[in-house]
1. Is it true that residue 165 is open to solvent by less than 10 Å² (accessible area, probe 1.4 Å) and outside any helix (DSSP H, G or I)?
2. Could you please tell me which pairs satisfy a Cβ distance under 6 Å, a separation of 6+ or placement on different chains, a first residue in segment 21-43 that is over 17 Å from residue 257 (Cα atoms), and a second residue that is of a type outside the set (Phe, Trp, Tyr) and open to solvent by less than 20 Å² (accessible area, probe 1.4 Å)?
3. Within segment 210-228, is there a residue that is surrounded by fewer than 20 Cβ atoms within 10 Å (Cβ to Cβ), among the charged types (D, E, K, R) and touching a residue at least 40 places away in the same chain (Cβ under 8 Å)?
4. Mind checking which residues of segment 229-260 are in contact with a helix residue (DSSP H, G or I) (Cβ under 9 Å, 6 or more places away or on another chain), more than 24 Å from residue 195 (Cα to Cα) and not in a helix (DSSP H, G or I)?
5. Assuming residue 198 fulfils every condition listed in (1) farther than 20 Å from residue 57 by Cβ; (2) among the β-branched types (Val, Ile, Thr); (3) surrounded by fewer than 22 Cβ atoms within 10 Å (Cβ to Cβ) apart from one, which condition is it?
6. Return the residue satisfying two criteria in turn: it lies in segment 138-162 and is assigned to a helix (DSSP H, G or I) and of a type in the set (A, V, I, L, M, F, W, C), and of such residues it is surrounded by the most Cβ atoms within 10 Å (Cβ to Cβ).
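The values are calculated or read from the model by the stated rules, or taken from the named source; none is laboratory data. As the structure is a computational prediction, the values presented were derived from the model and not from experiment. Here the Cβ is made from the backbone with ideal geometry for all residues, glycine too, and neighbour counts use every protein chain on show. The accessibility values were calculated without ligands, DNA or RNA, using every heavy atom of the protein model including side chains. Shrake-Rupley method; radii C 1.70, N 1.55, O 1.52, S 1.80 Å.
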Amino acid sequence: MDIFQAIVLGLVQGVTEFAPISSSAHLVIVPSLLGWSDAGVAFDVALHLGTLFAVIAYFRGDIKDLLTSFISGLTSPKERNEPDFKIALFIMTGTIPAAILGLLLNDFFEALFNDISSVSILLIFTGCFIFMAEKFGKKEKRITQITLKDSLLIGLSQAVALAPGVSRSGVTISTGLLAGLDRESAARFSFLLSIPIIAGAAVLKFFDFLILFEKGQGTILAAGFFSALLSGYLCIKFLLSLIKKSSLYVFSYYCFVVGFLVLIFKGI
């Protein structure tokens, strides 16, 4: 892999991690179509660290408020009734399903990365789910009105998104819409919910990252990291602005088109 490829894949990761079109699918499809070799686990960690830093940077104010409220709530019953405490707690509970499933079925999900037909079919599934949520979601509740049930349902959908081709942001935002959240609240909760799971995945594979870094590949890793960080930050900003005034249908159509085109192109 050269620096150009690292930057391109960083851009792909940054944009598709938060736009509901599946970063895992695009990190399989793009190298496959361009004839690039597999980047490997260590480079994948660098990309995910980039998007992790992007979402932390964008929501740094929210994260500070949530952490402050949660820590205060451990000793203050009054603070436990505050929306920030509940949201922080719900982010933790919503992370549990994906954490458990990821640990139990990690090898199964990683094997799917080698099956582009499965990835494409799951991308089409993502498009169907987004379309259904946009059509039938009531979109009435703010993020401060989210419930424990809502967070668990969104967390379960995040667990499903461990399969490459299923967009994490796509299914979590869509589940939020079906739970009654408005688009901006569903997206905001989805992005905040991504922080623990991306961080956890990076920690589990960080040893592989260090090995490649020690082999003199630091420049390649840095290029992918910063490319993913910058594009991820801009994508979050753009998407939150977009969904205030537009539906998510365009993303569902995109998933349909890309999924079917790859199946046709690969002759599957």
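1. Numbers: open to solvent by less than 10 Å² (accessible area, probe 1.4 Å): yes; outside any helix (DSSP H, G or I): yes.
Yes, satisfied.
2. 43/224
3. Checked segment 210-228: no residue is surrounded by fewer than 20 Cβ atoms within 10 Å (Cβ to Cβ), among the charged types (D, E, K, R) and touching a residue at least 40 places away in the same chain (Cβ under 8 Å).
4. 246, 247
5. (1)
6. So, considering only residues that are assigned to a helix (DSSP H, G or I) and of a type in the set (A, V, I, L, M, F, W, C), the one surrounded by the most Cβ atoms within 10 Å (Cβ to Cβ) is 154.
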